[in-house]
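Beneath this line is the structure, given in structure tokens, with notes to follow.
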Amino acid sequence: MRFQLTEDQRALRDGVRELLARRFGREALRAAVDAPGRLDRALWRELGSAGFFALRLPEAEGGVGLGLPEAVLAFEEAGRALLPGPLVATHLAAGRVPGAATGEAVVAAVGNGLVEWLAEADVVRGNAARAVPLRSVDPLTPLHRVPVAGGVDPVAVLLTAAEQLGSATRACELAVQHARAREQFGQPIGAFQAVKHLCAEMLVRTETARAAVYAAAVTADPADIDTARLLADEAAVRGARDCLQVHGGMGFTWEFEVHLHLKRTWVRTHRTGDATQSEENLAAELLAQLS
Amino acid sequence: MDLAYTPEEEEFRARLREWLGRVLPTLGPKPSPDDWPGRRAYDLRWQRMLYDAGYADVHWGGTPSVRLIFLEETEKAGAPYVGAGFVGLLHAGPTIAAEGTAEQRARWLPPILRGEEVWCQGFSEPDAGSDLAALRTRAWRDGDDYVVSGSKIWTSHAEVADWCELLVRTDPEAPKHRGISWLAMPMDAPGITVRPLRTLAGSAEFAEVFLDEVRVPAANRVGDENDGWRVTMVTLSFERGTAFVGEVVACRRVLRELAAEAHRNGRWDDPVLRRRLGRLNAEFRALWRLTQWNVSEAELTGGVPGVGSSVFKLRFSHARQELYDAGADVLGPEALDLDRPWVLDRLSSLSYTIAAGTSQIQRNIVAERILGLPKGR
């Protein structure tokens, strides 16, 4: 059993992180917030040529030929960087919708009564007739409401969990950075146990979710995927909330990025059906093991 | 990333499973919790069986993966855990193995592995709990002996132990971490008084140990004089390593039993309770994965568990309490009946966020040693 990242997996994660830092850093994030609803097509094609969408497509079909663990690592980085766009939908469309694998096409999909990025999409999977725009809480995710919910692909659940894990990791890092630097009462606020314990709990939730998400990527087992989803949602939403709290007044500003993480984690919790369904699945699994 | 075991590890698992199936029926009934001599005999008999079959040193000798498989399979088979062997196998033994002289290892390790001697732990004191280094039990050098006076608390198995791994203050002038020594104290030495300590669960799982000018040979000191704190840290990192593997497996079994009971008594129809059990399923599945993650990490770094086990301990101890609180809601008013299953476990689960470092201390460790936050003034 080697339940740790391999050299290649670490290199892939670092490569994606480096690409996103270069192409979607702080300035680009600001610019995206200031131009809501518009997707950077050049970046989308660059992601395509880097293999982000074709990652799991067999080499014979022009893909990278890697598996779910690698996809999870790439999506974790996307979540961490707050990369906008229908990433999961386009990734799942690779090999099925022309242009999706290369990043030539932006593919949206009908989810749990919502469609992300409908107006920017070249192709929409699922029934988006009678879609009505809503004023999205997340400035980086335009949303339409649809009367009919689409089906849920377990891989979409897992990749969304991976994005949540990325946000949870980033929220913890930001909180710790701030707690080390910000001084009040003559010492860094991170020296106060009340702040320290918030940060420690963020790490505990993140690392437990990490084990669950990575394990689900290895097994692709439905119960493991439901587990990953519940743990990652919790780590991401509560992580962003606690990160905001650690930042005090600054955390409540539009300027500081933590609200973007929090809002995106909310969007992701609704993308693939209600959490209660995952809880029900895992409850039923307890009885299934019994018989 | 890989969750598959090697062919050798799978073979180890298969042989162990076959052996457990064969020998467990011969072990006899478990003694009652109050029967200390019976518990000692039972736990030592089990350790002897492990020794004869070649499994005795799996806690020290095996790779972390093999240890994980051993703990998983023995728990699944319903075999006893270390019981009275806890301190010898998981604290004192590994410490002596790592820090003892050849002579000390030859004297103390074989009887632990063969199931002949029981150890207890004399670390905590009434005024030294979370702040363990504040301990005040004094040891003076007198010829070839130390003379020890003071008192220890939360000592498991003290009534039936042959040896006590004892932390004493040998230099009261030095900074508190630098004046401590580690001694192996024979429990039959004159001057030792053991008083059982009744816990909120009603049983005497622990004892207080009073020491009145107890003579301990200086040759029983492991490590240098005043270096006992460092020696002890080796022990504590073992405690926070794979120590909870069997318990995670056990919690997953209890959770399935709770679901079956809820299904039987009709409370399964309550969606709030049902989903809570579903969420607990996620919780313990994730904790199992975190265990596998930590074990794989330990294998790469050479076996000594790192501070990452504090993350596990924090999450697991709270999850275990939530499990038994959910269990109480499955039982309804029956949860007030001490004769019902899980009710005593619910009470004992209350110690999990306190023992071996309170959750508050664990959060300080996580924040300072992993996240690098500054110590407060």
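We did not get these values from a lab; they are worked out from the coordinates using the rules stated. Keep in mind it's a predicted model, so treat the numbers as computed, not measured. So basically every Cβ, Gly included, is an ideal-geometry build from the backbone, and we count neighbours across all protein chains shown.
At-a-glance table
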quantity	calculated
Inter-probe distance in nm under a simple model that places probes 7 Å from Cα toward Cβ, at residue B:102 and residue B:34	5.1 nm
Environment charge of residue A:157, counting only residues whose C-beta is closer than 13 Å and scoring Lys/Arg +1, Asp/Glu -1	-4
Net lengthening on full extension, residue A:49/residue A:152 (0.36 nm per residue, minus Cα-Cα)	34.4 nm
Cut-off under 5 Å, modelled amide H: who pairs with residue A:125 long-range	A:108, A:109, A:110
Two-site FRET efficiency, residue A:194 against residue A:256, from Cβ-Cβ distance with R₀ of 22 Å, rounded to 0.05	0.60
Equivalent ellipsoid, the stretch A:109-163 (semi-axes from 5 times Cα gyration tensor eigenvalues, Å)	18, 15, 10
3J(HN,Hα) from dihedral phi, the stretch A:230-246, Karplus parametrisation 6.51/-1.76/1.60, rounded to Hz, x for glycine, proline	5, 5, 6, 4, 4, 4, 6, 5, 5, x, 5, 4, 5, 4, 4, 4, 4
Compactness of chain A - radius of gyration and Dmax, Cα, Å	18.9, 63
Local electrostatic count at residue B:196 - Lys and Arg +1, Asp and Glu -1, tallied over other residues with Cβ under 15 Å	0
Of the trypsin sites (Lys or Arg not before Pro) in the stretch B:167-233, those whose Cβ has at most 15 other Cβ within 10 Å and which sit in DSSP loop	B:198
Around residue A:58: net Lys/Arg minus Asp/Glu count, Cβ-Cβ under 14 Å	-1
Calculated FRET efficiency for the pair residue B:270/residue B:77, C-beta based, R₀ 30 Å, to 0.05	0.35
Chain B: most fluctuating residue of B:61, B:179, B:28 per GNM, C-alpha cutoff 10 Å	B:28
Rounded FRET efficiency, nearest 0.05, which uses the C-beta distance separating residue A:31 from residue B:210 and R0 of 60 Å	0.25
Rg followed by Dmax, in Å, when the stretch A:10-50 is reduced to its Cα trace	11.3, 34
Cut-off under 5 Å, modelled amide H: who pairs with residue B:164 long-range	B:120, B:185, B:187
The stretch A:7-145 pair-distance distribution - Cα-Cα, 10 Å bins, rounded %	12, 42, 35, 10, 0
Amide H contacts of residue B:154 (H built 1.01 Å from N, under 5 Å, at least 5 apart or other chain)	B:207
Values of log10 I(q)/I(0), in the order q = 0.10, 0.11, 0.12, 0.15 Å⁻¹, for the stretch B:134-284 under a Debye, Cα-only, solvent-free model	-0.54, -0.61, -0.67, -0.84
GluC sites (Glu not before Pro) lying in DSSP loop within the stretch A:60-131, provided at most 16 other Cβ fall within 10 Å	A:104
Share antiparallel - DSSP beta bridges, chain B, percent rounded to 5	85 percent
Per-residue ³J(HN,Hα) for the stretch B:338-349, Karplus 6.51 cos²θ - 1.76 cosθ + 1.60, θ = phi - 60°, Hz, x for Gly and Pro	4, 7, 7, x, 6, 6, 5, 5, 4, 5, 5, 5
Most fluctuating residue given options A:93, A:217, A:200, as computed from a GNM of chain A linking Cα atoms under 10 Å	A:200
Descending principal axes extents, chain B, alpha-carbon based, whole Å	71, 48, 44
GluC sites (Glu not before Pro) restricted to DSSP loop in the stretch A:211-269 with at most 10 other C-beta within 10 Å	A:255
For the stretch B:28-83: span of alpha carbons on each principal axis (Å, largest first)	35, 21, 16
Cα-Cα pairs of the protein assembly as shown separated by more than 36 Å (percent)	47 percent
Evaluated over the stretch B:22-139, the Cα radius of gyration and Dmax, each in Å	16.0, 49
In nm, spacing of pseudo-spin labels at residue B:141 and residue B:263 (7 Å Cα→C-beta vector)	6.7 nm
